[in-house]
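Have a look at the structure below before the remarks.
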Amino acid sequence: MGTMIEFKRPDGKPVNGYLAEPTAGGGPGVVVIQEWWGLNDQIRGVANRLADAGFAALVPDLYRGKATVEQEEANHLMTGLDFGDAAAQDVRGAVQFLKARGAKGGAKVGVSGFCMGGALTWLALVNVPEADAGVSWYGMPPLEYVDASKIKVPVLSHWATQDAFFPIAGVDALEEKLAAAGVAYQGHRYLAHHAFANETAVGRGRIPNTQFDRVWARVAWDRTLRFFGRELG
């Protein structure tokens, strides 16, 4: 369904990404931000799913061609990533690209990410003024990096109450900060583990403390598509 393309960051540097478009073309867009594994088949599947729902979906290749199935290497790749640059340049460039090629130009564009990408979604909402909405899946950066006063668009988030990587206590603190700033925010909590929407988090090869949950994933996806449909048009 999709294809690899090249787009430009605001600083002019080129970035590759996976673009999946709806059959009809045009319309609103969603920038999808990868987990720590890289631009793999699973995250391409997320983009394809959004395209099936009528959104042009673009996944920036934050690791510049690298991807892994090994936890140690994924942690190494994530640690080497400049999160600020990824949000303010790679993700912003992807948002600008989708806006420019949308129906008659200027189409609305949302941002959505999972795990590491969930954390980057929050940073993008702070640093990408062109974004029109955001959906974060079980991920957040250190609280001091979230300047909630700069988030001017509606946000939806999905959290797992049994998440060992992003404990609910941290979510509570984030949500207090968002409320104090008057952010248009909806948060949903699920009796689930980290990565509950990642269909590859099953079986013997899955990372400890992660577990796909088909039922909760369906509920979260339904909420996400309704939210983007309402906010992006």
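The values are calculated or read from the model by the stated rules, or taken from the named source; none is laboratory data. Owing to the predicted nature of the structure, the values given are computational and were not obtained by experimental measurement. Ideal geometry is used to build each Cβ from the backbone, glycine not excepted, and the neighbour counts take in all protein chains shown.
Data for the structure
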quantity: Residue in the stretch 202-221 that is of a type outside the set (Ser, Thr, Tyr), closer than 30 Å to PRO10 by Cβ, under 19 Å from the mean Cα position of the chain (by Cα) and modelled with pLDDT of 95 or more present; calculated: no
quantity: Pair list, Cβ under 7 Å, 6 or more apart: the stretch 35-49 residue more than 18 Å from PHE228 (Cα to Cα), other residue at pLDDT 95 or above and part of a helix (DSSP H, G or I); calculated: GLU35/ILE43; GLU35/MET116; GLU35/GLY117; TRP36/MET116
quantity: Residue that is among the acidic types (Asp, Glu) and assigned to a helix (DSSP H, G or I), where the choices are GLU176, GLU130, GLU199; calculated: GLU176
quantity: Test for SER112: is it among the polar types (S, T, N, Q), crowded, with 24+ Cβ neighbours inside 10 Å and in contact (Cβ under 8 Å) with a residue 60 or more places away in the chain; calculated: yes
quantity: Qualifying position, being in contact (Cβ under 8 Å) with a residue 12 or more places away in the chain, hydroxyl-bearing (Ser, Thr, Tyr) and part of a helix (DSSP H, G or I), among SER149, SER136, SER157; calculated: SER149
quantity: Residue match in the stretch 200-210 (condition: touching a strand residue (DSSP E or B) at 6+ places or on another chain (Cβ under 9 Å), of a type outside the set (A, V, I, L, M, F, W, C) and within 12 Å of TYR138 (Cα to Cα)); calculated: yes
quantity: Evaluation of ALA107 against (1) touching a strand residue (DSSP E or B) at 6+ places or on another chain (Cβ under 7 Å); (2) modelled with pLDDT of 95 or more (one fails), failing number; calculated: (2)
quantity: Near pairs, Cβ below 8 angstrom, 6+ apart or cross-chain, from the stretch 2-23 (of a type in the set (D, E, K, R)) to any residue that is surrounded by fewer than 11 Cβ atoms within 10 Å (Cβ to Cβ) and in a strand (DSSP E or B); calculated: GLU6/PRO14; LYS8/PRO14
quantity: Any hit, the stretch 75-94, residues being surrounded by fewer than 20 Cβ atoms within 10 Å (Cβ to Cβ), part of a strand (DSSP E or B) and either modelled with pLDDT under 95 or over 13 Å from the mean Cα position of the chain (by Cα) (or both); calculated: no
quantity: Residue within the stretch 191-198 that is closer than 23 Å to ALA57 by Cβ, small (Gly, Ala, Ser) and either in contact (Cβ under 8 Å) with a residue 24 or more places away in the chain or surrounded by 18 or more Cβ atoms within 10 Å (Cβ to Cβ) (or both) present; calculated: yes
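Yes/no matrix, rows are residues, columns are (1) under 15 Å from the mean Cα position of the chain (by Cα); (2) under 24 Å from ASN198 (Cα atoms); (3) surrounded by 24 or more Cβ atoms within 10 Å (Cβ to Cβ):
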{"site": "PHE7", "(1), (2), (3)": "no, no, no"}
{"site": "LEU19", "(1), (2), (3)": "yes, yes, no"}
{"site": "GLY25", "(1), (2), (3)": "no, no, no"}
{"site": "GLY29", "(1), (2), (3)": "yes, yes, yes"}
{"site": "GLN34", "(1), (2), (3)": "yes, yes, yes"}
{"site": "ALA56", "(1), (2), (3)": "yes, yes, yes"}
